[in-house]
1. Quick one: go through the stretch 65-90 and flag any residue whose amide nitrogen is under 14 Å from the point 7 Å out along the Cα-to-Cβ line of THR107.
2. Please get the size of the charge dipole for the stretch 90-229, origin at its Cα centre, with Cβ charges of +1 on Lys and Arg and -1 on Asp and Glu, quoted in debye to the nearest 20.
3. Enter the per residue convex hull volume of the stretch 1-136, computed from alpha-carbon coordinates, in Å³ rounded to the nearest integer.
4. Treating only the Cβ atoms of Lys and Arg (+1) and Asp and Glu (-1) as charged, compute the dipole magnitude of the stretch 120-203 about its Cα centre; round to the nearest 20 debye.
5. Please tell me the relative contact order of the stretch 84-229 in percent, rounded to the nearest whole number, where contacts are Cα pairs under 8 Å and at least six residues apart.
6. Let me know the number of lysine pairs in the chain closer than 26 Å at the Cα, not counting same-chain pairs under 8 apart.
7. Determine, from the Cβ-Cβ distance of ARG46 and THR131 and an R0 of 35 Å, the FRET efficiency 1/(1 + (r/R0)^6), rounded to the nearest 0.05.
8. Which residue, ALA18, LEU120, PHE212, has the largest displacement toward the positive end of the dipole of the chain when charges sit on each Cβ (Lys, Arg +1; Asp, Glu -1)?
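The values are calculated or read from the model by the stated rules, or taken from the named source; none is laboratory data. Because the structure is predicted, anything quoted here is derived from the model rather than measured. A quick note on method: Cβ atoms are made from the backbone with ideal geometry, for glycine too, and the neighbour counts reach across all protein chains shown. For accessibility, only protein heavy atoms count, side chains too; no ligands or nucleic acids. Shrake-Rupley method; radii C 1.70, N 1.55, O 1.52, S 1.80 Å.
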Amino acid sequence: MPFYVSPEQQMKDKADYARKGIARGRSVVVLQYADGILFVADNPSRALHKISEIYDRIAFAAVGKYNEFENLRLGGVRYADVNGYQYDRRDVTARGLANVYAQSLGTIFTETNKPYEVELVVAEVGEDAETDQIYRLTFDGSVADEHGYVAMGGQAEAVAQSLKERYVEGAPLADALRSAVRSLEAQDSERRLKAESLEVAVLDRNREHRLFKRLPAARIGELLGPVDD
């Protein structure tokens, strides 16, 4: 006798499965600061990146299963390269990329037995803070237009609550980085994140051409300084 599961139950089971997988990973924080957009990940690996450049003004951050979000990242790079070559580099936008990711994730979620265990942020830095774009995408293809800051992965609610208390609009890079790191530490009061266990990058609107830049451990340590609140 065949075993019947209602479509509603199937979708719920898939969503629960994906959420549990994402929660097992380490958190990532994305927030605006005075000169652009800052990305901070709890990630001691120097080779397996959670934060990456997609195009001139666009970057990508992810949590969840590495092989799954790496496939999405590579697809995004191909999409950006092809559209920038065929049309104009200005036609490649975070909004367009978010729509592509949303379609892919939505199709995978509804048409396959196993959903992707990933959550993404696609961000584009503008000429000023008002024109910055930050899009958050969940495993089922849902898209949210975020402002100020985003926390995902791990105990995201605890991180987001800490960010809500610490975030200051237009803060300089050092202050924004400290706020992000202290918020990541909010998941475990006993843990202190060192520069070597962080992956940090920025989209700096003051740079020319390629605005994405990774910060080495020495620079992260310098920015964090001796301040401990």
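1. Inside the label zone: 72, 75-76, 79.
2. Values: 17 positive and 26 negative charges, 80 e Å.
Approximately 380 debye in magnitude.
3. Details: hull volume 18.0 nm³, N = 136.
Normalising the Cα hull of the stretch 1-136 by residue number yields 132 Å³.
4. Here the stretch 120-203 has a charge dipole of around 460 debye.
5. Working: 172 pairs, mean separation 22.9, N = 146.
Once divided by the residue count of the stretch 84-229, the mean separation gives 16 percent.
6. Final tally of qualifying lysine pairs is 21.
7. Values: r = 33 Å, r/R0 = 0.94.
Calculated transfer efficiency: 0.60.
8. ALA18
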